[in-house]
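Bear in mind that the values in this text are calculations on the coordinates, not laboratory data. Remember, it's a predicted structure, so these values are computed and weren't measured experimentally. Here Cβ is always computed from backbone atoms with ideal geometry, including for glycine, and neighbour counts include all displayed protein chains.
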Amino acid sequence: MSSAPIAHCGDVFRAAGLVALALLLTLTAARAERRVALVLGNSQYQHAAPLLNPARDAQAMADRLKDLGFEVVSGFDLTKQQTQDTVAQFAREVRGADIALFFYAGHGLQVSGKNYLLPVDAALEDETSLDFEAVSVDFVLRQMSRETSIRLVFLDACRDNPLADVLAKTAGIKGASSGLAEIPIENGGAGTLVAFAASPNQLAYDGSGDHSPFTTALLQHVGESNVSITEAMNRVTSDVFKATAGKQRPWINVSLTTEVVLHRVDLNAPLIVGEASTPQAEAGSGTRNTGASGQTDDQLALNMLREKIPKLATDGPIFFDRPVKFGDPAIDGKSIAQLIKGQPLFSPVEGLDKSVWQGKHCDGCHEWNETRLCEQAKNFAANDVSVLRLQHPLGTRFKVALARWAQGGCQ
C-alpha cells in the first residue's frame with residue numbers, strides 16, 4: 001500500500017470538474033438557510049517578518065466554506081484600505097444571513113483589552129498608528145451582527161508579533177500584547193461562537209506544515225457530517241493541544257441557543273441524489289449529461305472515485321474485537337479494538353512533525369473508543385467516497401473496514 005497522502009475529495013472533484021454526493025447534499029441543505037462568510041489571511045507583512053501560512057490557511061478555509069454552502073467574501077495579503085473595502089463588501093452581503101462567519105489568519109494584538117488585526121502595510125510606529133493602520137476586531141463583529149441569526153468567529157491571529165513590542169516601546173503603550181483578549185458575547189439572534197487559536201494572552205504557532213495547527217484542525221473538523229459546531233470545536237481544541245504538546249490550547253466562548261450543524265447528512269438517504277433535487281437541475285439547466293451507460297455525470301464521477309477505494313482481503317462482516325483481513329501486511333490479522341490502542345502508521349494531522357506523533361498511541365491522540373469510533377464509521381458508511389478524503393493514521397483500508405463495521409451495526 002502506498003504511504004503517500006490521499007488528496008482531499010474536494011480537490012479531486014474540482015480537478016475533474018465534477019460534483020460528488022457530499023457536496024450536493026451539503027448545498028441542498030444549506031439552501032434552506034443563507035450562509036455568508038468573510039475570510040481574510042495576511043502573510044506578506046511589509047514591516048515585519050513574513051508569516052508562512054496565514055494566506056494559505058485563509059484560502060483553504062474559503063474553499064472549505066464554499067463546499068459547505070457559504071457565500072464567501074475573501075481577501076489575502078491586504079493593506080488597510082483593501083481590508084476596509086473587503087469588510088464593507090461583506091457588510092453589504094451579510095445583512096439578514098442565517099449564519100454569518102468570520103475567519104482571520106495573520107498578525108493580531110491587543111491593547112488594553114481591545115483586539116486588532118494587522119493589515120500587511122501596518123508599521124505601528126506610534127500610538128495613533130492603531131487607529132489608522134490596524135483593524136479593530138469589534139469593527140468587523142459589528143458588521144456581521146446586523147440582522148443575522150448565528151455568528152461564528154475564528155481567529156488564528158495570536159501568532160508571535162514583533163510589532164506589538166515595537167508599539168509598546170516606541171509609543172509607551174502599556175498593555176500591548178501579541179495575544180488576543182477575550183471577546184464578550186452580546187445577546188441577539190440564535191447566538192454566537194468565538195474561537196481563538198490560543199487562550200487569551202497566549203501565543204499560537206504558525207506551523208511548519210501547509211497550515212497552522214489551529215487551521216489544520218478546523219479543516220479537519222468543521223463541517224464533519226452531522227457534527228455540531230460545538231462538538232467540532234471540542235475536537236479542534238483536543239487536536240491542537242496534542243499537536244503542540246500542550247503548548248497551545250484554543251479558547252472557545254460560545255452562547256448558542258440552537259444546535260448548529262454545517263453538514264447534515266441523512267444516513268438513511270440513498271447514495272445517489274435524484275436528478276430533480278440536484279442544484280444543476282433546480283437551476284433550470286435542463287437535463288443532465290448522460291453517458292452511453294445512461295448514468296449522469298455525477299454518477300460516473302462517484303463510480304470513478306469508488307474504483308480508487310482499496311479492497312479488503314475479506315468479503316465477510318467486520319467485528320470490533322475479531323481479527324480482520326485488511327489486505328495490508330502492516331495491520332493484517334489484528335482487530336479494530338487492538339489497532340486503536342496501537343501506534344499510527346501515518347500522521348493524524350496533515351503536515352504534523354513526526355516527532356509529535358511517532359511512537360504515540362492512537363487512542364491517546366484521538367480519544368478513540370468503541371462508541372466514538374462507531375460514530376465516525378457511520379459517516380464513512382453514509383458516503384463511501386469519504387474514505388478518499390484524508391489519509392487515516394492506520395491507512396485507508398482501516399477506514400474501509402470501519403465503514404463495513406458500521407454497515408453491520410458496529411458489532
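General remarks:
- Backbone geometry of the range 36-44 corresponds, through the Karplus equation with coefficients 6.51, -1.76 and 1.60 at θ = phi - 60°, to 3J(HN,Hα) couplings of 10, 10, 10, 10, 10, x, 10, 10, 8 Hz, x marking Gly and Pro.
- Modelled this way, with points 7 Å down the Cα-to-C-beta line, the labels at Ala313 and Asn253 are 5.5 nm from one another.
- Among the listed pairs Lys114/Lys247; Lys341/Lys399; Lys242/Lys308; Lys247/Lys334, those beyond 27 Å (Cα-Cα): Lys242/Lys308; Lys247/Lys334
- Peptide packing for 310-318, 130-138 was compared via the average number of neighbouring C-beta atoms within 10 Å per residue; ordered from the highest value, the list is 130-138, 310-318.
- Amide H contacts of Ser43: Ala55, Asp77, each under 5 Å away and 5 or more positions distant or on a separate chain (H built 1.01 Å from N in the peptide plane; Pro and chain starts excluded).
- Calculated FRET value between Glu375 and Asp332, using beta carbons and R₀ = 41 Å, to 0.05: 0.95
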